[in-house]
Amino acid sequence: MDVTALSDAKVGSAGVVERVDLPDEVSDYLAHLGFLPGTSIEVLCRAPAGDPRVYRIDGVEVGLRNETARHIFLKLNSAVTDEAA
Amino acid sequence: MSCHSTVAEPMEEATPVPAGTVRMRTVALIGPPNCGKSTLFNRLTGMRQKVANYPGVTVEHHSGKMKSIGRNDLTLIDLPGIYSLATYSEDARVAVDVLTGKMPGVPKPDCVLLVLDSTHMNRQLMLAAPVFSIGLPTLVLLNMSDQLEARGGKLDTLALARELGHPVALISASQGKGLGVIPEFLQRAGSRPDSGSRPVHLPVLQSAASCRSWATQVTARTNYQSPAASLWTRRLDSVLLHRVFGPLIFLAVVIAVFQVVFTIGQPLSDGMGTLLTSAGAKAAMLLPDNWLRALLRDGLWNGVQSVLVFLPQILLLFLFIGVLEDSGYLARAALIADRVMRSIGLNGKAFIPLLSAYACAVPAIMATRTIENKRERFATIMIAPFMTCSARLPIYTLIIAAFIPNQKFLGGIIGLRAMVMLSLYLLGFLAALVTAKMLNSSVMKASSAPFILELPQYRWPTLSSLGLRLYDRGKLFLKKAGTVILTVTFLVWVMSVLPIHGGQFSNLTSSVIAHMGHWIEPVIQPLGFNWKIGIGILSSIVAREVIVGTLGTLYGVDPATHALGLQAALRHDITLGGAIALVVFFAFAMQCTSTLIVVRRETNSWKMPALQFLYMTGVAYVAALVTNQVIMRIF
């Protein structure tokens, strides 16, 4: 049950949002997309260039640059083990 | 799950007998972005709508009579797509003002249709709380029932209606399912004026977090089961966002768009040209041979019809953009392009206004209001007019069809003409890149705002929404042809027959306009342009399409080229270097009064539009000069 930055989570991993450390206007906008503590989130895929990446948060797919995802923290689900072997 | 065509009422008692019916006039349609609101709007109004701007704001305002459900007496107002009523955005303010009856010129709505995407209720319900608290009778329409079912989601409308205190119905706007509840609701709302004021437990504080926890409680209590992710979207994304194939497909899509504009659009335009010319000739036969006939045929008809022939190609281009946008691919394209945008120091958010600048720079410049950072906003305004707007299409296709051979490569898949067109688009984009880079490194050092992009599930574009886009575009184009272009060609014709000597019109060569043209000719000669092109460029400062109208009129009046079509007349009159220089000039030049006026309005001073005009015209002149000189030496 580690807390990690969203940008560090591997593609395919999932977890629960722990906190969002961004300026009010940004975090408010993100909150309406579902980025609030307690919401489950999954790292879906990456854009061809590797950044931005696409996340599924509560059924919605949202693209975020890593520079933004770095300030969002999640608790990784221990059930999802490292698949990138 | 409840049946499609029934509305779930919060209370099961029989409808009370109406004491007296109230006259309803307006119904507001509200919902978050991407909930399928516009599709529903089109269904209900039968695509008969008025587009207008609210006073003082740039938010567009669609309204229409609810014709399709037999309620011509009711006006449906389409509010902007918003996530909440409490955000700082202009869109949300407009929505609140309309709902509370504070928007000047818009009557207070009598009831509300709240559209939510049934496939992610936790998030969508967040908008319900603030909308309910306004206190109007509200029908909650849970859209995309087809997707919810197909992907195994579950929703209990009856339980939800009890929980929300408002009637709830599942619908599919794209398939037209379940819409019968809407006239029923309107009937009852009209006979029961107080039906909106039921006690509902709403979050006290309407912050995002409290609305969210309220929404999750509601969905948990009503046993909502969110659907599994669309398998098709996953599969398509694994290809379309693939490390290698993603960018390649992106490129292929872009090339295909241009190819089709030529292979299918060109014959259509040619056909339309033949049709319009013969119609004009036949109509002219009916008139006596006097100055009026000359004015109508040589002056107005020649000018206007030479612009009108481009309608099929413009519509085709917008059809493509519409398909890309409605299917959900455009959001992926933005994701792929973000990398490039960032490398030039532009906000990812700027991508959307820039993309819309491909249609027209005016709405694009208005859309920059969503960019909070002032410097980034100015940078985006500066570069938007370099994007190849549809007003450049007529002169581009005219010159390409006249001067570029119809050569095919790769077994006919790619044509030379389409590639030249694509390079002109790239040229404009390149100018935008360089300008942005310059602004960023010198005057406008900016911190970057975040790139947050919602990726909708892929879906088939509906015919009605595509039809509406084309209808809007076509109307705009025809309106311009009937007003601006008609006026300018009229003035050009008048100047081409003045002064009158002894009751006779001048020849073109001794007319006022020829004198004017010859006077400016030394400036444009190095670019490979003759005086007629020069007059065309001058007249098109009003709007870019005008040059085609002006050239149509001038070559129509000139006895040497009178019998030729416009393409042949141009080939007869200018060199290849001059022709290519002309389209290069148009790729860069700021030939658009509407854009200048909008920039003036948005920045509150003439400094910015003046700078923009001088800069763009300067770049255009130098680029055209270089193009002509280089081509002249090679060929």
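The values are calculated or read from the model by the stated rules, or taken from the named source; none is laboratory data. From a predicted model like this one, the values you see are computed outputs, not experimental measurements. Note that each Cβ is placed from the backbone with ideal geometry, even for glycine, and that neighbours are counted across all protein chains shown. What goes into the accessible areas is simple: the full protein's heavy atoms, side chains included, and nothing from ligands, DNA or RNA. Shrake-Rupley method; radii C 1.70, N 1.55, O 1.52, S 1.80 Å.
Do the conditions hold for B:Gln629, that is, is it open to solvent by 20 Å² or more (accessible area, probe 1.4 Å) and within 30 Å of B:Met272 (Cβ to Cβ)?
Spelling it out, it is not the case that B:Gln629 is open to solvent by 20 Å² or more (accessible area, probe 1.4 Å) and within 30 Å of B:Met272 (Cβ to Cβ).
Please specify each residue of the stretch B:213-271 satisfying the condition of being away from chain A (no Cβ under 14 Å), touching a strand residue (DSSP E or B) at 6+ places or on another chain (Cβ under 8 Å) and farther than 30 Å from B:Leu566 by Cβ.
B:Asn223
Look at B:Val239 and say whether it is outside any loop (DSSP other than H, G, I, E, B), among the β-branched types (Val, Ile, Thr) and touching a residue at least 40 places away in the same chain (Cβ under 8 Å). Reasoning before the result, please.
Working: outside any loop (DSSP other than H, G, I, E, B): yes; among the β-branched types (Val, Ile, Thr): yes; touching a residue at least 40 places away in the same chain (Cβ under 8 Å): no.
So B:Val239 does not fit the description; no.
Out of the residues in the stretch A:57-82 that are part of a loop (DSSP other than H, G, I, E, B), among the small types (Gly, Ala, Ser) and over 16 Å from B:Asp237 (Cα atoms), state the one that is nearest to the other protein chains (Cβ to nearest Cβ).
Residue satisfying both the conditions and the ranking: A:Ala79.
Could you check B:Thr58 against (1) at pLDDT 85 or above; (2) within 28 Å of the chain's Cα centre (by Cα) and say which number it fails?
Single failed check for B:Thr58: (1).
How many residues does the stretch A:1-56 contain that are assigned to a loop (DSSP other than H, G, I, E, B) and under 25 Å from B:Thr119 (Cα atoms)?
12
Do we find that B:Arg162 is more than 33 Å from the chain's Cα centre (by Cα), open to solvent by 10 Å² or more (accessible area, probe 1.4 Å) and under 22 Å from B:Ser68 (Cβ atoms) in this structure?
Taking the combined requirement at face value, the residue does not satisfy it.
State whether the residues of the stretch B:287-305 include one that is open to solvent by less than 60 Å² (accessible area, probe 1.4 Å), without any contact (Cβ under 8 Å) to a residue 12 or more places away in the chain and assigned to a helix (DSSP H, G or I).
Yes, because at least one residue in the stretch B:287-305 is open to solvent by less than 60 Å² (accessible area, probe 1.4 Å), without any contact (Cβ under 8 Å) to a residue 12 or more places away in the chain and assigned to a helix (DSSP H, G or I).
Quick one: which residue in B:Ile533, B:Ile541 is surrounded by 16 or more Cβ atoms within 10 Å (Cβ to Cβ), assigned to a loop (DSSP other than H, G, I, E, B) and under 32 Å from the mean Cα position of the chain (by Cα)? Walk me through how you get there before you give the answer.
Working: B:Ile533 fails: assigned to a loop (DSSP other than H, G, I, E, B).
Going through B:Ile533, B:Ile541 in turn, just one is surrounded by 16 or more Cβ atoms within 10 Å (Cβ to Cβ), assigned to a loop (DSSP other than H, G, I, E, B) and under 32 Å from the mean Cα position of the chain (by Cα): B:Ile541.
Residue by residue, here is whether (1) within 9 Å of another protein chain (Cβ to nearest Cβ); (2) under 29 Å from B:Gly246 (Cα atoms) holds:
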| position | (1), (2) |
| --- | --- |
| A:Asp2 | no, no |
| A:Gly12 | no, yes |
| A:Val16 | no, no |
| A:Val20 | no, no |
| A:Ser27 | yes, no |
| A:Ser40 | no, yes |
| A:Val43 | no, yes |
| A:Pro52 | yes, yes |
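Of all residues being assigned to a loop (DSSP other than H, G, I, E, B) and either polar (S, T, N, Q) or at pLDDT 85 or above (or both) in the stretch B:500-530, which is nearest to the chain's Cα centre (by Cα)? Just the residue, please.
B:Phe529
When you look at B:Ala279, is it more than 14 Å from every other protein chain (Cβ to nearest Cβ) and of a type outside the set (Ser, Thr, Tyr), yes or no?
Taking the combined requirement at face value, the residue satisfies it.
Could you check the stretch B:476-513 and list, in sequence order, the residues that are open to solvent by 20 Å² or more (accessible area, probe 1.4 Å) and among the small types (Gly, Ala, Ser)?
Scanning the stretch B:476-513 gives B:Gly482, B:Gly502, B:Gly503, B:Ser510.
Give me a count of the residues in the stretch B:140-150 that are open to solvent by 10 Å² or more (accessible area, probe 1.4 Å), over 12 Å from B:Val115 (Cα atoms) and either hydrophobic (A, V, I, L, M, F, W, C) or at pLDDT 85 or above (or both).
The qualifying residues number 3.
Examine the stretch B:544-566 for a residue that is hydrophobic (A, V, I, L, M, F, W, C), more than 30 Å from B:Pro405 (Cα to Cα), open to solvent by less than 10 Å² (accessible area, probe 1.4 Å) and part of a helix (DSSP H, G or I), and state whether such a residue exists.
Looking for residues that are hydrophobic (A, V, I, L, M, F, W, C), more than 30 Å from B:Pro405 (Cα to Cα), open to solvent by less than 10 Å² (accessible area, probe 1.4 Å) and part of a helix (DSSP H, G or I), one finds none in the stretch B:544-566, hence no.
Name the single residue, out of those in the stretch B:405-437 being in contact with a strand residue (DSSP E or B) (Cβ under 9 Å, 6 or more places away or on another chain) and surrounded by fewer than 21 Cβ atoms within 10 Å (Cβ to Cβ), that is farthest from B:Arg544 (Cα to Cα).
B:Phe409
Can you tell me which of B:Pro104, B:Pro137, B:Pro130 is surrounded by fewer than 24 Cβ atoms within 10 Å (Cβ to Cβ), in contact (Cβ under 8 Å) with a residue 40 or more places away in the chain and more than 14 Å from chain A (Cβ to nearest Cβ)?
Answer to the check: B:Pro104.
With respect to B:Arg571, is the statement that it is under 18 Å from B:Asn302 (Cβ atoms) and of a type in the set (D, E, K, R) true? If you could, list the steps in order and put the result at the bottom.
Details: under 18 Å from B:Asn302 (Cβ atoms): yes; of a type in the set (D, E, K, R): yes.
Spelling it out, B:Arg571 is indeed under 18 Å from B:Asn302 (Cβ atoms) and of a type in the set (D, E, K, R).
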